[in-house]
Amino acid sequence: MATYDGDKGKMLTRRAALTVGGELVMSAVLMGRMYYLQVLEADRYKTLAEENRISTRLLAPPRGLIFDRFGKPLAENRQNFRVQVISEQTEGNLNATLEALMKILPLSDGEIQRIRKEVRRSRNFTPVTIRENLTWEEMAAIQLNAPDLPGIIIDEGLSRFYPMKEKFAHLIGYVGAPSEAEIEKGPPLLKLPGFYVGKTGIELQYENKLRGKEGTQRVEVNAVGRVIREIERDEGTPGAVLPLSIDMRLQNIAYEKMKDYSGSAVMLDIYTGEVLLLMSTPSFNPNSFTYGLSVDEWKDLTTNPKNPLLNKVLGGLYSPGSTFKMVVALAALEAGVVRPDTKINCSGHVVIGNHRFHCWKGSGHGDLTLREALMHSCDIYFYEIARRTGIEKISAMARRFGFGAVTGIDLAGEKAGLMPTRRWKELVRGEQWLQGDTCNTGIGQGYVLATPLQLAVMAAALANDGYKVTPRLTVPENRNPNEHSGIALNLSKAHLQLMREGMFDVINNPKGTARVAKIDINGKLIAGKTGTTQVKRITIKEREDGLRSQDELPWEERNHALFVAFGPTENPRYALSVVIEHGGGGGTTAGPVARDIMAEALKLDPAFRPTYLHTKKTGK
Amino acid sequence: MALSSLHLRDADLSLRDRFFRLSWGYILLICLVAITGFVVLYSAANGHWKPWAAKQFWRFVLGFGVMISVSMVGLRTWLKYAYVFYALSLFLLILVSVFGHIGMGAQRWISLGFIRIQPSELMKIALILALSRYFHGGSLQDAQSISYLFVPLIMVAMPAVLVLRQPDLGTTILLTAGAGVLFFLVGVQIWKFAALGGVGLLSIPIAWRFLHDYQKERVFTFLDPERDPLGKGYHIMQSKITLGSGGFFGKGFLQGTQSRLNFLPEKQTDFIFTVLAEEFGMVASVSLLVLYLALIFYGYMIAFRSNSYFGRLLALGLSTNLFLYVFINIAMVMGLLPVVGVPLPMISYGGTVMLTLMFSFGLVECVNIDREVQIGRRGAYDD
């Protein structure tokens, strides 16, 4: 053996042994790490692997349907077909597929650009929507040509549809994509593409009931998010069905009568407070909001002087005019400054303080009792009793009837109106309350402002012997149609009876201001009160030159026409208020509208029929 | 056969004799690792032979031929041409840095038309061969003198710098570590390693400036993989999840959700170990490690049965090199080392590495066949 191998060989053996030892130690470290990862921490990593693998997706619940009180559909969910493209299935040629599709479904350059952009931005297995709301014909044509359209798919979804269109726009409202703020504080469901929430009206008010509970779908996904298979599915709970107190037939007739005006009408069941009719005109088609609104349409809706987007029943503020005279009369009677048989002379004008007040009838009414004053709607009589009663007592009575405060109807956007007092004027306007202000309030003009809904509540309270009801749009399950649901106003029954007699004369007495509104439905009559409020102050010069007829004035300078009514006169059940903006005279424009609606209500008598909710409950 | 002769020469053994002197136990272990590789690659492709397992099989068959061919050449011949082989590899390395194609953002291979050569892989073997020859020729005193170490250090430094410039950190580490082991084995004093280590530590701030951004990122990611789980730490996090979720017994063959659903990018190459560990659990990960250790220690056994210093050093060096591969790869996928791009031998999908490994197994077999051959310091038959 060679000598050099001696020391050298021993060293090699020693160092090799050390290497083996080192390798064994390092292998032990590896095995320790395996034990740590695969045994000690295994549960944690198993959970993480499951989280990787399983993706939980939300499923949108179908939105609750809305019916009228007898089960007629007002808001439905319609099948919505949309055409989509999955780029990885276009056989590598998106352009060819789109060109083939364009032979069936013409696409604008803008649309094509948007599609290309979205395709670039999304993963190649994610469907990109080409167009929504296909017609049935378009959908059929696409499906027929499916072999020539690789990567094109038809997807079904639900979209909100309002079959009554304009007739229920303000009441039902509409749905739309949730705003950034809503998404931020709302549940994750709102982040689903194409998920809509209530934006106005009932859709907004009852959003929580109508929305339902989201379903979930657990799917296995791969690293790039492609769904491999579905593991489990929970459909969630559809939104609750919502039957309203509205009678669609009354709504229909109101729309027919009012669609060309700018106005509003609302009818209440005077016992339950159920709203049977709620109409604001001009209206708009709420389906436009679901299916996309063009710029022109939107511009038209927002700049129209008749303000189609405003629900005037709750959001319109008007001087109540002569419809307010019952409140003034009741305040005067309760204060004892006038008795039912007190006569006051009307000479056509009166000077109070240093101001000359005119009656609407320049020649004057002569001596009048309270009942006659209501029938003629004599202004002089009410200037006088208002002066005697004083603003504080009038204001207090008006507040009892609900003026100056929201009625509490279950619909958003309600305004409180204004019922002035001395203190209010001093605080807000910094001026002394004048006696003339009291006189103006006495005929429902001046500072007092009311919504048509407040007028209907007032009419209901007059008709139901002094109970202030809270208007409601839904029918309670334990509804008792013959029980007062309102708050007792503690008014004298005799005084209320006198008011109703006066309102009876307005329509049924040949000298009444609303003779035109007289009807007789199988012996059932109605009672009411007109109101005509000036939009523009009449100058002395105009009065001297002779008043021009309302028809000659430009539309926006004409008077507002108001009307409150109840019926039937025996055992009343329905209270109605109608306001026609710039309609001219209360008796001439608002009266006939109120008459026709009342006639329909008396014929149909919806308050006494079992509602959809109750027929369904008893299984009839 | 009279094989106890002290003066056995290469020529004394016919090819037939050489073939029958092959260590079949060693070959069996190699085949077991390779078969494990096919199974795991089959699973990584969701239960398909394509695209990886089938190709890997044919590479193994080719590699098997290379291994047998290499073992048929005499050990003396390998000694004789060791420097030539090294020079050729170095030349090719220089060539790729000049003409090399761009692959994976780095210049690594030369295309010869029908085959692509990665000179850095050839260099792993060439360096061990050349160093083994160098140290074969010296005494222990030589090995322990600094001046004698100058030449082998240059032999290591040249390819290491070239490979690092490609840039291929994984191969650089394997080259220098593999060479370092040889220096250790021949008896270079421990204090010299310590001194070199000290110098190395001091030069880290300087070296840091030469690292590519992606290499720096890998170091950051290694230090704190969870700070950016969807970005740079993604590989390490998912690798650990894949391993850990396998548990003790695994999820079952073809049942690995992490690999089937592609949560592990490039799972067929550097991260292949996790595919096995996910589906067969800790049982399999420990078993595979033991199998590798058996193969490595078998190599050591062959080394110590060899009569020549060259043969011993060669078999020791190549087997230790295999251990480095295994250790770095597994430590890397388990988050113990930064991700440097070292494949799992015989199992990671990849052609050149497979052929290089089979080449080195062939050399170990050659040492085994020529275990009785004695080689003089200068490569003569006797001193």
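Kindly write out, for the stretch A:42-55 in residue order, the coupling ³J(HN,Hα) from the Karplus curve 6.51 cos²θ - 1.76 cosθ + 1.60 (θ = phi - 60°), rounded to whole Hz, with x marking Gly and Pro.
These are the phi-based 3J(HN,Hα) values: 4, 5, 4, 6, 5, 4, 4, 5, 5, 5, 4, 7, 9, 10 Hz.
Would you work out which of B:Met354, B:Leu28, B:Thr269 lies farthest towards the positive end of the dipole of chain B, given +1 charges on the beta-carbon of Lys and Arg and -1 on that of Asp and Glu, about the Cα centre?
Among B:Met354, B:Leu28, B:Thr269, the one farthest towards the positive end of the dipole of chain B is B:Met354.
Give, as ranges by residue number, the residues of the stretch A:130-159 whose backbone N falls under 16 Å from the point 7 Å along Cα→Cβ of A:Arg121.
Zone members listed by number: A:130-131.
Below 8 Å, C-alpha to C-alpha, sequence gap of six or more: please give me the relative contact order for the stretch B:10-369 in percent.
Value for the stretch B:10-369: 27 percent.
List the residues, sorted by chain then number, that are 5 or more residues from A:Leu65 or on another chain and whose placed amide H is less than 5 Å from its amide H.
When sequence neighbours closer than 5 places are left aside, the close amide H contacts are A:Val241, A:Leu242.
Size of the dipole of chain B about the Cα centre, Lys and Arg at +1 and Asp and Glu at -1 on the beta carbon, nothing else charged, in debye to 20?
With Lys and Arg at +1 and Asp and Glu at -1, about 320 debye.
Each residue of the stretch A:303-320 in order: what ³J(HN,Hα) in whole Hz does its phi give by Karplus 6.51 cos²θ - 1.76 cosθ + 1.60, θ = phi - 60°, with x for Gly and Pro?
Going residue by residue, I get 9, 4, x, 7, 6, x, 7, 7, 7, 6, 4, 9, x, x, 10, 9, 5, x Hz, with x marking Gly and Pro.
Report Rg/Rh for the stretch A:57-243, rounded to two decimals, where Rg is the Cα radius of gyration and Rh the Kirkwood radius.
Value, to two decimals: 1.01.
Ranked by Cβ crowding within 10 angstrom, fewest neighbours first, how are A:Met139, A:Met34 ordered?
Fewest-to-most ranking of A:Met139, A:Met34: A:Met139, A:Met34.
When Lys and Arg each count +1 and Asp and Glu each count -1, what net charge do the other residues less than 15 Å away from A:Arg371, Cβ to Cβ, add up to?
+1
Taking square-rooted eigenvalues a ≥ b ≥ c of the alpha carbon gyration tensor, is the stretch A:431-585 rounded, prolate or oblate, where a/c under 1.5 means rounded and, failing that, a/b exceeding b/c means prolate?
Here the stretch A:431-585 falls in the prolate category.
Within 10 Å of each Cβ of B:248-259, how many other protein chain Cβ atoms are there on average?
2
Out of every Cα pair in the stretch B:10-369, what percent are spaced more than 29 Å from each other? Could the numbers behind the result be given before it?
Values: 27403 of 64620 pairs.
Here the long-distance tail beyond 29 Å is 42 percent of all Cα pairs in the stretch B:10-369.
Taking the Cα centre of the stretch A:57-243 as origin, sum charge times position over the Cβ atoms of Lys and Arg (+1) and Asp and Glu (-1), and report the length of that vector in debye to the nearest 20.
So the dipole magnitude of the stretch A:57-243 works out to roughly 460 debye.
Might you report the magnitude of the Cβ-based charge dipole of the protein assembly as shown about its Cα centre, with Lys and Arg at +1 and Asp and Glu at -1, to the nearest 20 debye?
Charge dipole, the protein assembly as shown, about its Cα centre: 900 debye, nearest 20.
So what are the ³J(HN,Hα) numbers for the stretch A:97-114, from phi and the Karplus equation (6.51, -1.76, 1.60; θ = phi - 60°), rounded to whole Hz, Gly and Pro as x?
Once rounded to whole Hz, the list reads 5, 5, 5, 5, 5, 5, 5, 9, 10, x, 10, 7, 4, x, 4, 4, 4, 4.
Treating the Cα atoms of the stretch A:512-620 as identical point scatterers in vacuum, please give the log10 of the normalised Debye intensity I(q)/I(0) at q = 0.11, 0.12, 0.24 Å⁻¹, two decimals.
-0.47, -0.53, -1.18
When Lys and Arg each count +1 and Asp and Glu each count -1, what net charge do the other residues less than 15 Å away from B:Phe249, Cβ to Cβ, add up to? Don't skip to the end; give the middle numbers.
Working: positive: A:Lys46, B:Lys251; negative: A:Asp43, B:Glu278, B:Glu279.
Spelling it out: positives minus negatives among the neighbours equals -1.
May I ask for the distance between the Cα centers of the stretch B:266-312 and the stretch A:164-209, given as a whole number of Å?
Each part's Cα centre sits 64 Å from the other's.
Amide H neighbours of A:Ile228 under 5 Å, at least 5 residues apart or on other chains, H built in the peptide plane: list them.
The list, which skips near neighbours in sequence, is A:Glu220, A:Val221, A:Asn222.
What relative contact order, as a whole-number percentage, does chain A give when Cα pairs under 8 Å and 6 or more residues apart are counted?
14
Scanning chain A for GluC sites (Glu not before Pro) in DSSP loops with at most 10 other Cβ atoms within 10 Å, what's the longest stretch left with none? Write down the numbers at each step before the final one.
Details: sites that count: A:Glu91, A:Glu431, A:Glu477, A:Glu483, A:Glu570.
The reported range is A:92-430.
Among A:Phe504, A:Leu473, A:Thr421, whose Cα projects farthest towards the positive end of the dipole of the stretch A:388-539, with charges put on the beta-carbon of Lys, Arg (+1) and Asp, Glu (-1)?
A:Thr421
With point charges of +1 on the Cβ of Lys and Arg and -1 on the Cβ of Asp and Glu, referenced to the Cα centre of the stretch A:57-243, which listed residue (A:Pro187, A:Ser159, A:Leu105) lies farthest in the positive direction of the dipole?
It is A:Pro187.
Eigenvalues of the Cα gyration tensor times 5, then square-rooted: what semi-axes does that give for the protein assembly as shown, in whole angstrom, largest first?
Values: eigenvalues 2097, 147, 116 Å².
Calculated on Cα positions only, the semi-axes equal 102, 27, 24 Å.
Take peptide A:7-19, look around each residue's Cβ out to 10 angstrom, count Cβ atoms belonging to other protein chains, and average those counts.
Rounded to a whole number, the mean comes out at 6.
Return A:Val29, B:Val40, A:Val128 ranked ascending by Cβ neighbour count within 10 Å, so the fewest neighbours appear first.
Least to most surrounded, the residues fall as A:Val29, A:Val128, B:Val40.
Counting only other chains, and only Cβ atoms inside 10 Å, what mean value do you get across the residues of B:176-184?
Other-chain Cβ atoms within 10 Å of each residue's Cβ, averaged: 1.
Any read-out appearing in this document is the output of simple, stated calculations on the displayed coordinates, not a laboratory observation. It should be emphasised that the depicted structure is a prediction, and the values quoted were computed from it without experimental measurement. Backbone-built Cβ (ideal geometry, glycine too); neighbour counts: all protein chains shown.
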